[in-house]
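Heads up, the thing below is written out as structure tokens.
The values are calculated or read from the model by the stated rules, or taken from the named source; none is laboratory data. Please read these numbers as outputs of a predicted model, since none were measured by experiment. Here Cβ is always computed from backbone atoms with ideal geometry, including for glycine, and neighbour counts include all displayed protein chains. Quick note on the areas: whole protein, heavy atoms, side chains included, nothing else; ligands and nucleic acids left out. Shrake-Rupley method; radii C 1.70, N 1.55, O 1.52, S 1.80 Å.
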Amino acid sequence: MGRGGLLGFLLRVRPGLVLGRLGVLVLLLLPALAGADYMDHFAQRDDVGPRKAPSLGDARLLLIPVEVKGFPPLDRARLERFFSPDDENGFVRYYEVASLGRYRPRVTVGPTIGYDACPLPAAQFPTCSVARGDINAFAAGIDLLREAVRKTDEAGVDFTAFDVNGRAGVADRWADGVMFLTNVPFGGIAFPFAYFNRGDNLSGGTSGPLVVDGVRIGHFAVAGDADVFVMVHEFGHLLGLTDLYDEAGNYGGLQLSVMGAWSYDPKIVLPDAETRWRLRWANWVQVQGRQRLTLKPVETSGEVARVGIGDQYFLVENRGPGAFDRHLPVRGLAVFHVDRDVRSVTTQGSFPKLGAKEGDFVNRILDCVNCDAWHPYVRLVQADGAFDLENNRRFNAADDLFLPGDFILSDPSSSVRSKTNPVNATNFYSGQPSGFALNDVRLLDDGSIEVTLDAPASGQCEERLCPEGEACAPVRCGEAPRTGCAALPTGPLGLLGLLLLEQGLRRRQRLGL
Ligand SMILES: [Zn+2]
């Protein structure tokens, strides 16, 4: 894990709650952290196991319920239901739908670990509630997590059952994912236990991951107040995702994202297109030149159209009320402007400007990658051009999604967009035109959306997300090769092509093909 990851671990702020930079203060108190790229949106892909939970294939997760007397008791029946595949609005279905069935978790709700009194030191936690970012909670929290795992093991749970997956898709002696749900007042945290542990590892050793039945546990997703919806978000961190809300509270952060401005209500929000694409849960359509596309609802198709390559690009997907996203009253195209090269804009004075090399993503997280509303890592481009979100006003799907009649083009003046120059255009953050345009939106009866997208005319098809495997490459790029006379090429070369095509057809006829 890395420093940036730590910030995310320490803080989980409900949108609108101002927390300030307490997390940064805590970071300063800790030794320099070795390793990097936990919670990095897959800047690194080779750290599944020690730093990330596997996010493709079958996985066996363990939920440890921890109940403290004096607080509202856990409703086990409700937990069992929410974490079972039968709950259409539950955890398992959420991740299956979000991943297009590529990630298939099954959750075992472990035996309830009971405490007669608050297990945290009374002197520091008189009401057993943990304030967000409270550094005292660290040491106490580590002990509590260790004890809960020990008790779960002693209750007869076989931890080898929770390792069926890993970086290579098979058991790797790292747990596929462990969650800790308690009824005491506590927000949520994704906790890099192995990094902080200096004590017992439950296997005769000290420090590092817990080792139970030979299976290592390096991190936990933790939620308090028995809040299962918070757990959906925290577990996203274990899958490698960073926070995309605004930790500073100047605006809500990224809309249409489980890691963003969702308020943890029962209407669970699907992942944003960048998250889906990075996790290899998308069917990636790379646009080249001008293309008329039909994008089916993302929750059933996984279709994400990408315009542009490199570190700065646009992603377009079809979002609307379906299995999830039920807060959306309409269906439309969500357009995300992604900049993987977001740099730390340090206002603290205590940090130098940090680099933003790929693989060094944590340094961006350190300064809260989505906190600059005008230049975040992932920005929702709004159709109405009113910049309501950047100005901390409400998201309104009917205005902010691209519906019939909406379009967006480049700004020929190449000015730099800002609060004082709010130009709704497809230009890069530098002001340079990106070549992206979106026109002629048409909503079809089956929920699909037709749209004309413009992208650079060539050189768009070679990029890969990963060396091999599903969703590492676009499912298609550019126009499919046309046949017959549907497209009449023009110009001398086009005529030559037509002649060759005709000759080819004749030859095929002669050969009886
Ligand atoms: Zn979070």
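Heavy-atom accessible surface of region 241-317, averaged per residue, reaches 21 Å², computed with a 1.4 Å probe. Among 313-324, 403-414, sorting by the average number of other beta carbon atoms lying within 10 angstrom of each residue, highest first, gives 313-324, 403-414. Highest mean first, the peptides 454-465, 275-286 sorted by other C-beta atoms within 10 Å per residue fall in the order 275-286, 454-465. Relative to the current alpha-carbon distance between SER263 and ASP384, full extension at 0.36 nm per residue lengthens the span by 41.2 nm. Backbone amide hydrogens, once placed in the peptide plane, bring ARG476 within less than 5 Å of GLN286, excluding anything fewer than 5 places away on its chain.
Looking at region 53-238, the accessible area is 37 square angstrom per residue; that uses a 1.4 Å probe and ignores ligands, DNA and RNA. For region 53-238, the average shadow cast by the Cα convex hull is 9.9 nm², which is a quarter of the hull's surface. Each residue of region 441-448 was assigned a 3J(HN,Hα) from its phi angle through the Karplus expression (A = 6.51, B = -1.76, C = 1.60, θ = phi - 60°), giving 6, 9, 8, 9, 4, 8, x, 6 Hz with x at Gly and Pro. Highest mean first, the peptides 330-336, 428-434, 120-126, 210-216 sorted by other C-beta atoms within 10 Å per residue fall in the order 330-336, 210-216, 428-434, 120-126. Under a 5 Å amide H cut-off, with hydrogens placed 1.01 Å from N, ALA59 pairs with ARG104, ARG106 among residues at least 5 apart or on other chains. Using θ = phi - 60° in the Karplus curve 6.51 cos²θ - 1.76 cosθ + 1.60, the 3J(HN,Hα) couplings for region 87-92 round to 7, 4, 10, x, 4, 5 Hz; x is entered for Gly and Pro.
Taking amide hydrogens as placed 1.01 Å from N in the peptide plane, the amide H of GLY253 sits under 5 Å from those of ASP246, each at least 5 positions away in sequence or on another chain. Surface composition of region 217-329: carbon and sulfur make up 47 percent of the accessible area, probe 1.4 Å. Quote the FRET efficiency, to the nearest 0.05, computed for ARG476 versus ASN396 with a Förster distance R0 of 51 Å and r equal to the Cβ-Cβ distance. After rounding, the FRET efficiency stands at 0.95.
Which whole-number percent gives the relative contact order of region 53-238, counting Cα pairs below 8 Å spaced six or more residues apart? Walk me through the numbers on the way to the answer.
Values: 388 pairs, mean separation 46.3, N = 186.
So the answer I get is 25 percent.
3J(HN,Hα) couplings calculated from phi for region 238-255 with the Karplus curve 6.51 cos²θ - 1.76 cosθ + 1.60 (θ = phi - 60°) are, in sequence order, 4, 7, x, 8, 9, 6, 10, 8, 8, 5, 8, x, 6, 8, x, x, 6, 7 Hz; Gly and Pro show x.
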